[in-house]
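To start, the structure under review is shown below, and the notes come after it.
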Amino acid sequence: MTDESRAKVATRGLEGVVATTTAICKVEDNSLVYRGYSIDELATKAEYEEVAYLLLNGDLPTKEQLRDFKAELVKHRTLSPFLRKILQEMSESGTAMDVLRTVASASAVEDPAEGDNSPEAEYRKAIRLTAKLPTILATYMRRRRGEQPVPPDPSLDHAANFARMAGVDDGHPRAADILNTCFILQAEHGLNASTFTARVVAGTNADMHAAVTAAFGALKGPLHGGATDTTMKMLEEIGSPDHVETFVDKAIQQKYKFSGFGHRVYLTEDPRAKHLRKFAMELAKDWKGKPYFEIQERLAKAIAERRPKMSPSAAAKVNVVNVDYYAATTYTFLGIPADLGTSIFALGRIAGWSAHIMEQHGDNRLIRPESEYTGPLGKRYIPIAER
Ligand SMILES: CC(C)(COP(=O)(O)OP(=O)(O)OC[C@H]1O[C@@H](n2cnc3c(N)ncnc32)[C@H](O)[C@@H]1OP(=O)(O)O)[C@@H](O)C(=O)NCCC(=O)NCCS
């Protein structure tokens, strides 16, 4: 290694750093590809189960493979009394993301392949986690409303079963279809913060449950998946379309970060946002609450008009409406409480996390970057009696 390549120069936020190779997903400006298939095709034509299979196995299933994969998912939807007990106790005061993370983590205790990182064992674990997360979230949602859980329905597909268990399909006849597409759009996204976290944990040869638990922690933050929930908070704070311009002017002065805007990779368009905007626009027609869609459309316009007033870097970032912006209102218009958007995101993303954990373990090397030290040197220890 030359002295030059040894030089430690930190790249803030690892921007532009290529940290691994992957055959799972390609993310480029205005383009998202899962295992060779464009997100636009998958979002408009596929079922979530097909996409989860694609991510885990490398290609779309045949009819028989899909039937078997679905049957496996159905088999593992039910929660054990142990998990139900944790869930019940946590549901009193825990947030949805804390409950999902904790119950998913606890499921390691009873997983029959615990400690086994072979591809076969990890594939089974991925199926069990994918199958159980909707049941955990739906049970939590019912408990919060003071209702008894509705058991999984084996006759229903993944999204439709979640919609039924959570009671979302009572509110809107297209809920299952729309959720199916949302799960697909959020299933995978390259080396985003939560997937990178999962790979770092998997890189120590820790197991899938450890890596998924860590990924949940990363997804929760408002700069990542947490932005779905903070988008709703922002729209609620604005309160009315007429308040938008005043809000934006003040926000620019205060260097406020608009939730649902900006992306590290996408510079002109997040290819997922247009699909979600279509849903939000469609669902807004029947929505009886605050005019969130009108607020967000006017907000996007006001921000675009005021880009010249922002720093060049901020102007570049707000050029992109990201996945969370219209996912937030889509979920709200389906009757899903405003603080649960990020947890819905997690139900889709579990497939991508699992695929990356398997890929990492398939050709593992410890992920251990270095840091550029900026603290003092040469200090001498002074015994405590002399300090
Ligand atoms: C997504 C995000 C984290 C990407 O961040 P990043 O690539 O690290 O960019 P930075 O945070 O360094 O931002 C660069 C500049 O743009 C500004 N900026 C970034 N996102 C902004 C936003 N949503 N609204 C207003 N300004 C924004 C920053 O304040 C910074 O300005 P400065 O250079 O004048 O100080 C960032 O755009 C963001 O925080 N967005 C809002 C949260 C969100 O929606 N996250 C979900 C992402 S899918």
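The values are calculated or read from the model by the stated rules, or taken from the named source; none is laboratory data. Worth saying up front: this structure is predicted, and the values here are computed from it rather than measured. Every residue, glycine among them, receives a Cβ derived from its backbone with ideal geometry; neighbour counts consider all protein chains shown.
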Checklist outcome for this item: Within the stretch 311-339, the count of residues that are part of a loop (DSSP other than H, G, I, E, B) and within 14 Å of the ligand (Cβ to nearest atom) comes to 5
Item to check | Subset of the stretch 280-317 [touching a Leu at 6+ places or on another chain (Cβ under 9 Å) and closer than 15 Å to residue 334 by Cβ] | outcome: 283, 292, 293
Checklist entry - Among (1) in contact with a Pro (Cβ under 6 Å, 6 or more places away or on another chain); (2) surrounded by fewer than 19 Cβ atoms within 10 Å (Cβ to Cβ); (3) aromatic (Phe, Trp, Tyr), which single condition is residue 82 missing? => result (1)
Checklist entry - Taking the stretch 232-272 as the region of interest, how many residues are in contact with a Phe, Trp or Tyr (Cβ under 6 Å, 6 or more places away or on another chain) and either within 10 Å of the ligand (Cβ to nearest atom) or closer than 27 Å to residue 30 by Cα (or both)? => result 2
Item to check | Residue among 103, 109 that is touching a Leu at 6+ places or on another chain (Cβ under 6 Å) and under 24 Å from residue 220 (Cα atoms) | outcome: 103
Item to check | Tally of residues being among the β-branched types (Val, Ile, Thr) and closer than 27 Å to residue 333 by Cβ across the stretch 208-230 | outcome: 2
Checklist entry - On the given criteria, is residue 292 hydroxyl-bearing (Ser, Thr, Tyr), within 10 Å of the ligand (Cβ to nearest atom) and touching a helix residue (DSSP H, G or I) at 6+ places or on another chain (Cβ under 8 Å)? => result no
Checklist entry - How about the stretch 154-195: which of its residues are in contact with a Lys or Arg (Cβ under 9 Å, 6 or more places away or on another chain), away from the ligand (no atom under 16 Å from the Cβ) and assigned to a loop (DSSP other than H, G, I, E, B)? => result 154, 156, 157, 167
Checklist outcome for this item: By residue number, the members of the stretch 271-310 that are without any contact (Cβ under 8 Å) to a residue 60 or more places away in the chain and assigned to a loop (DSSP other than H, G, I, E, B) are 285, 287, 288, 289, 290, 291, 306, 310
Checklist outcome for this item: Note: among 14, 60, just one is among the aliphatic types (A, V, I, L, M), modelled with pLDDT of 95 or more and in the same structural domain as residue 153 (by TED's automatic domain parsing), namely 60
